[in-house]
1. Given the structure, is residue 300 at negative phi and touching a helix residue (DSSP H, G or I) at 6+ places or on another chain (Cβ under 8 Å)?
2. Is it true that some residue in region 297-315 is assigned to a loop (DSSP other than H, G, I, E, B) and more than 16 Å from the ligand (Cβ to nearest atom)?
3. If a residue must be within 16 Å of the ligand (Cβ to nearest atom), buried (at least 22 other Cβ atoms within 10 Å of the Cβ) and not hydrophobic (A, V, I, L, M, F, W, C), how many such residues does region 72-116 contain?
4. Anything in region 142-169 that is in contact with a Lys or Arg (Cβ under 8 Å, 6 or more places away or on another chain) and either free of Cβ contacts under 8 Å to residues at least 12 places away in the same chain or within 16 Å of the ligand (Cβ to nearest atom) (or both)? List them, or say none.
5. Can you find, within region 188-199, the residue that is farthest from the ligand (Cβ to nearest atom) among those that are more than 13 Å from residue 129 (Cβ to Cβ) and assigned to a loop (DSSP other than H, G, I, E, B)?
6. Can you find even one residue in region 201-209 that is more than 10 Å from the ligand (Cβ to nearest atom), free of Cβ contacts under 8 Å to residues at least 60 places away in the same chain, farther than 22 Å from residue 111 by Cα and buried (at least 23 other Cβ atoms within 10 Å of the Cβ)?
7. Filter region 212-234 for residues that are out of contact with any Leu (no Cβ under 8 Å at 6 or more places or on another chain) and not in a loop (DSSP other than H, G, I, E, B); which is nearest to residue 117 (Cα to Cα)?
8. State the number of residues belonging to region 199-243 that are closer than 27 Å to residue 256 by Cβ and of a type in the set (Gly, Ala, Ser).
Amino acid sequence: MAIDYSQLIPNNVDLSSDRRLQRALENWQPRFLDWWKDMGPDGTSAFEVYLRTAISTDANGWANFGHVKMPDYRWGIFLAERDPNRVIAYGDNKGKPAWQDVPGELRTTLRRLIVTQGDTEPASVEQQRLLGRTAPSLYDLRNLFQINVEEGRHLWAMVYLLHAHFGRDGREEAEAMLERHSGDPDKPRILGAFNEETPDWLSFFMFTFFTDRDGKFQLASLAESGFDPLSRSCRFMLTEEAHHMFVGETGVSRILQRTCELMKEHKTDDVRALGAIDLPTMQKYLNFHFSVSLDLFGQEASTNAANYYTMGVKGRFLETRIDDDHLLTGAAYEIETVEEGRVVKKSVPALQALNERLRQDYIEDCARGVLRWNKMIEKAGVAFEMKLPHRGFDRRIGGFAGSRISPDGKVLTEAEWKANEGKWLPTAEDRTYVTSLMGPAVVQPGKFAHWIAPPARGINGQPAEFEYVRFN
Ligand code: BYC
């Protein structure tokens, strides 16, 4: 389905046929641009960046690459193609045609989910606002900006749904999306991970590996929604999400590669003396970002999640490929929880455990990425293994919140935790060290900061020394 770029707001939803909606969104557009100017990537208004822009929403050939002046990026509204025969795949409404409008009784629930999803998108742009100043290369700078513009478009996707389907409430929510800010003590973003700082590039790569991956799983569950416009929005967003996780996985991998090269070359573990990031510090950052991202899945046993499913609002990951009754009324699911000082397994109704089930799918996906990192470390001839900590480690949300759990899943006393915390999570000193490596942006084409290896290949078949960003 081609995208109409002749409009003020590029779209493939025939926006010009609904004048009221078009005007409302055209009113919101300058506010979005003001927000981008104030809270988006710092000092970039003159930059020309080699960006990918969507030209259609088909599986094949939707992307166009070229240098774009950052504020001229054409944010718009793109939904995946409609399947006229689509039916709801699960819950009480299983088998009924997907809804093209919001059913009255689901209005509040759907609005809340769309607002929670939408809120994360500008939040991540705010978190990454200053990173351009310390980019390790033009290639990395370009990837950062690609992610930023796409998160901006994901906000557009949710704002379109709010405007098109939720009337005045929706318009107010769209305004509020630009008023909350990451880390703002008075008006913070909704979910915890989106109020953390992303102060350095190691944090950025860990964030895009772990937190963007939560995005993949949440979007995939919302792509199963009976509310078809939400499903279609999320399906197209997922195609963009893949690159964000690629940036995270390869970014971490390139840091690991550089560290391993230096360890071998200088026959030492002490790569800090050589200006690189040591493996134990990498592990601590992994622990932090993994546990913060696990919190994003909500409570292990959640009546909200059960209701979303039963009503047909939010499904499971790849719902239609699962071989069961898609009702789950009599089914059970095992979750882990803390009882009498131990982590124990407990059976709960499967309907209530849907957040945990999604978290499990997510953990398995993370583990596959970690395995690839470990293969790289092994190939480099270094004896070290990166590990995902236990799901209960350092949690703020769910049954483990309030307990102290070690990375290998033991319940600890407060004193035991305090004695080891600095071995498991980045200390102030670790963070200062990592920040100290973030020198001024490396802007010569083909050059890379000392602590990171070049990528295996460039973007869209371009070489590593390509001028991915022009500063003018
Ligand atoms: N922080 O029943 P529960 C992305 C609240 S990332 C604070 O488990 P539910 C991206 C919860 O609101 C994907 N509060 O909740 C990545 C509830 O409050 P009430 C973002 C939390 O609703 C990188 C209470 O605790 N998308 O796209 O089942 C860059 C009970 O909990 C948190 C979504 O999240 C928390 N972490 O599950 C850019 C999808 N967790 O009712 C973008 C939409 C729970 O007691 N959201 N609470 O007042 C959802 O599906 C659900 O809202 C959640 C929570 C999975 C987040």
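The values are calculated or read from the model by the stated rules, or taken from the named source; none is laboratory data. Computed from a predicted structure; not experimentally measured. Backbone-built Cβ (ideal geometry, glycine too); neighbour counts: all protein chains shown.
1. Taking the combined requirement at face value, the residue satisfies it.
2. Within region 297-315 (the criterion being assigned to a loop (DSSP other than H, G, I, E, B) and more than 16 Å from the ligand (Cβ to nearest atom)), the answer is no, since none of the residues qualifies.
3. 2
4. Once the filter is applied, which keeps residues that are in contact with a Lys or Arg (Cβ under 8 Å, 6 or more places away or on another chain) and either free of Cβ contacts under 8 Å to residues at least 12 places away in the same chain or within 16 Å of the ligand (Cβ to nearest atom) (or both), region 142-169 yields 146, 162, 166.
5. 196
6. Yes: one or more hits.
7. Only one residue tops the list, namely 215.
8. Qualifying residue count for the region: 3.
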